[in-house]
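S.K.: Sharing a structure below in structure tokens format, with a few things to ask.
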Amino acid sequence: YNQGLSAFKLRQYEQAANYFKQATATDNKNPDVYYYYALSLDYAGDKARARDVYLTTIKCFAGTAASYNAQRAIANIDRAYPAAKNGPIVIVKPRPAEPVSVSSPAYTIGLRKPGQDTMPESVVVPFELHNGLMLVDLVVSGRVTKFCFDTGSETVAIGKNHLRSWGLPVPGGASTAVARGVGDQGAQAIWTTNLDLRLGSIERRAFPVQVQEQMDVGPLMGLSFYRDYAYTIDSGAKVLRLQKRTRAVSTAKSPEPVTGSDPYNVPFVRTGHEPLVVASVNGKAVTMVFDTGAMGVSLTEDQCQNLGIKIPEDAPVVPAKGIQGATTARVVTLPSIKLGPIERTNFSVHVYASPKGGIGLIGQTLLEGYSYTVDHEAGVIRFAHRN
């Protein structure tokens, strides 16, 4: 898979397709393998085979970012494909998710005994914004540490460098899986370690944490930690409110375009644990990750092309970091962007080659000043009305 990505970046598409084909034999639960296999065939000019692999991606990995991208791509190859006739594609309702996605550590959260954890009905935790990131105090094996509250991360994620700085053991041996995100260093090998974690009065003991070799960004508190809670981010009071979820709430539905829907209740679906929403960019629907761990808003080059956004040759280039290391992004100003009740004009976004498997991110620069509740059981983000 990594060899395929390297060849793809060098535009050696036939060679990349061969690598991705080999990867399907050993990594056949990873939707990105199939999507990039199809994309390589597509770019190499083998449209017929590309169509077949796109269809496999759509059928076998419904509701994932790879499936969404495959639908967009196949519409350009086969105009008879249903999605090609229906304008902007909306993500299909996913099949029931497995406990952990294939890009996450090889553990099953459901196997942990409930008695290991302290899970109160509600918790209020203060947060601070630092360089656009939402930071909370997480106690790690007795050490108070700043973690980024990150809805774009499926797991609690740290680096071996963090463990060393905390004086904690570093996992060895062979890595258990790979992690993907923003950055130019490719998919990162990851290990799993178990740590005692506490957020406010929520305690999770011997909790599985994703560890990569070197993580240049701060540690991330992802959805695996607070999956049993709906959470409200109160921007005015700078507090995070977590409320124990119940099974009585309505089930999630697929996102719908923002036009014609209640702007204060934004539906989403999950790919793994990441919430995907449909925003409006220059009046056109586009699917993005709702990511409280992102400082700003980003789009991919492919999304810009699909939206008819031209990236000026003299667009400013800025450095950025993600779990895959350092990278750069170009800054583009959008006439308008809208999510639910939030609407910004002349708004700056970062354009990356392909962060998050081909989907952009909704981050703090758009969400700033708004309070909202994210309910993963109901599949909805509820924005508070503002006076």
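Throughout, read-outs are computed from the coordinates displayed, never taken from laboratory work. Computed from a predicted structure; not experimentally measured. Cβ sites come from the backbone with ideal geometry, for glycine too, and all protein chains shown count toward neighbours.
S.K.: How do the peptides 211-222, 18-29, 164-175 rank, highest first, by the average count of neighbouring beta carbon atoms within 10 Å per residue?
M.R.: So the order, starting with the most tightly packed, is 211-222, 18-29, 164-175.
S.K.: What order, most packed first, do the peptides 197-210, 135-148 have when packing is the mean number of other Cβ atoms within 10 Å of each residue?
M.R.: 197-210, 135-148
S.K.: Starting from the Cα-Cα distance between residue 365 and residue 131, subtract it from 0.36 nm times their residue separation and give me the gain in nm to one decimal.
M.R.: Details: separation 234, 0.36 × 234 = 84.24 nm, distance 1.04 nm.
Result for the pair: 83.2 nm of gain on full extension.
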